[in-house]
Amino acid sequence: MLTFGLVVEGNYDKQIIQPLIHKILLIKHNCICRVTFGNQRLLQKYPGFLEEFKYKMVTKAIIIKDTDLKPAEKLLQQMKNKKPNRDYPFPINFCVAKKEIEAWLLADEHAISKVVGKQVPRIKGNLEDINDPKGKLQRILSKANISYTEKIAGKIALEADINIIEHRCSYFKIFRESVINY
């Protein structure tokens with residue numbers, strides 16, 4: 001059975017990533033997810049989690065981070081440079097969500113509509129160029145008197161169509177490929 005070792009910034013990310021992996025794979029798998037509780041802490045802590053994953057029979061490790069306002073390629077290189085110079089019995093993939101992972105949730109207005117119980121309009125333009133995707137999602141949800149919580153993030157991810165996300169968010173495509181490919 002596939003076992004993913006995931007390292008993410010926060011609990012919202014965990015609630016979003018795990019159902020998306022399930023939708024991508026459609027086969028039984030395990031996720032061992034470690035949360036670093038902060039953007040900069042991810043860079044400091046993920047090497048230790050890689051060491052832990054060696055003893056957890058992980059098939060693949062995925063380190064995923066929001067770019068916030070940093071250039072994606074520069075951040076990916078910075079993540080790779082932090083990798084310990086050790087051999088691991090599993091591949092390690094580094095992924096970023098441009099700006100914030102909530103851009104991926106904004107891609108499928110039908111998923112958001114289903115969670116809020118009323119029609120939400122499609123957001124036009126490049127979602128990965130929105131400066132504050134989390135804030136945008138919070139404003140959409142607040143119009144329906146719903147607070148953005150970890151549980152709501154997970155529900156939207158469960159309802160989301162990954163093909164729509166991939167079509168609208170280029171960095172999701174890279175994430176999807178890292179889940180599928182070895």
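State, as an integer percentage, the relative contact order of the chain based on alpha-carbon contacts under 8 Å between residues 6 or more apart. Intermediate values should be presented prior to the final figure.
Working: 296 pairs, mean separation 47.0, N = 182.
Answer for the chain is 26 percent.
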Taking 0.36 nm per residue of separation and subtracting the Cα-Cα distance, what length does fully extending residue 167 through residue 69 add? 33.1 nm
Can you tell me the orientation of helix 133-142 relative to the chain, as the angle in degrees between its alpha-carbon axis and the longest Cα principal axis, to the nearest 10? 40
Simple label model, 7 Å out from Cα along Cβ direction - residue 85 to residue 150, nm: 3.8
What is the sum of charges, Lys and Arg at +1 and Asp and Glu at -1, for the other residues whose Cβ falls under 14 Å from the Cβ of residue 71? 0
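What's the local net charge at residue 115, with K and R +1, D and E -1, over the other residues with C-beta under 9 Å away? It would help to have the intermediate numbers written out before the result.
On the way: positive: 114, 155; negative: 159.
Local net charge: +1.
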For helix 170-180, report the angle its Cα long axis makes with the longest principal axis of the Cα atoms of the chain; keep it between 0 and 90° and round to the nearest 10°. 50
Taking θ = phi - 60°, what integer Hz values does the Karplus form 6.51 cos²θ - 1.76 cosθ + 1.60 yield along the range 36-41, in sequence order, with x for Gly and Pro? 9, 6, x, 4, 5, 5
If you line up the long axis of helix 150-159 against the longest principal axis of the chain, both from Cα atoms, how many degrees apart are they, to the nearest 10? 80
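If packing is taken as the average count of other Cβ atoms within 10 Å, what order do 51-61, 140-150 fall into, highest mean first?
On the way: 51-61: 16.5, 140-150: 13.9.
Packing order, densest peptide first, comes out as 51-61, 140-150.
Among the listed pairs 56/134; 65/151; 83/124; 99/151; 14/80; 74/151, which are separated by more than 28 Å between their Cα atoms?
On the way: 56/134 33 Å; 65/151 20 Å; 83/124 37 Å; 99/151 21 Å; 14/80 21 Å; 74/151 32 Å.
Listed pairs above 28 Å: 56/134; 83/124; 74/151.
We did not get these values from a lab; they are worked out from the coordinates using the rules stated. None of the values given here were measured: they were computed from a predicted structure. Reconstructed Cβ throughout: ideal geometry from the backbone, glycine too, with neighbour counts over all protein chains shown.
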